[in-house]
Every structure is written in C-alpha cells, then in structure tokens.
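S.K.: Let me give you the structure first, and then I'll get to my questions.
Nothing in this text is a laboratory measurement; each read-out follows from the coordinates by a stated rule. It should be emphasised that the depicted structure is a prediction, and the values quoted were computed from it without experimental measurement. Please note: Cβ atoms are built from the backbone with ideal geometry, for glycine as well, and neighbour counts cover all protein chains shown.
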Amino acid sequence: MYKTVKPTTLTLPLTLLDELDELAKELGKKKTAIVTEALEMYMDMNDLKQAEKRLQDKNVPADEFFKEIGVS
C-alpha cells in the first residue's frame, strides 16, 4: 500500500459515520482502509471522466492527450 501516511481529520455527517462504523464491523476492516479504498476509487473514476471529456475535445491531438495521461 502506501509507504508514508499522514494523520488527517475529516468531518462526516453522523449518518455516514454510522454507516462507516457498521460497514467496518461487517467487513472486519479498519475505517481508514475503507475510506482509503473509497477515495482511490473516486479518484480513478474522476480520472476516467476527465479522460473521456478530453477525448471529446476535438482541439487536443491524440498524441498530446496520451502524453498527458502518461501513455507513450
């Protein structure tokens, strides 16, 4: 996973926190692991949406697009 971590404070609605507590118990996982996994999935989905949007942009050449996303 990650080699370095930094403690972070989040403010969540109580209903969401209750759901997170229950899910952690059901899965036998730490809340940190669940939130980390959820954020990673969210970031991946956001990257995909941005890539799809860029593909629709006719002003961006394909080679420039692929260079931006790290594909040579």
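S.K.: Report, in degrees rounded to the nearest 10, the 0 to 90 angle that the Cα long axis of helix 14-27 makes with the longest principal axis of the chain.
M.R.: 80 degrees
S.K.: Under a crude label model (7 Å from the Cα following the beta-carbon direction), how far is E22 from T36 in nanometres?
M.R.: Once both label points are built, they end up 2.5 nm from each other.
S.K.: Under 21 Å between C-alpha atoms is the cut-off here; go through the chain and count lysine pairs that meet it, provided they're at least eight residues apart or on different chains.
M.R.: For the chain, the number of qualifying lysine pairs is 10.
S.K.: Out of every Cα-Cα pair in the chain, what percent are more than 21 Å apart? Before the final figure, lay out each step's value.
M.R.: Details: 1264 of 2556 pairs.
It works out to 49 percent of all Cα pairs.
S.K.: Please list, short to long, the whole-number percent of alpha-carbon pairs of the range 31-72 in consecutive 10 angstrom bins beginning at zero.
M.R.: Whole-percent P(r) values from 0 Å outward: 27, 39, 21, 12, 1.
S.K.: Tell me which of Q50, T4, L23 sits at the most positive position along the dipole axis of the chain, charges placed on C-beta atoms (Lys, Arg +1; Asp, Glu -1).
M.R.: Of the listed residues, the answer is T4.
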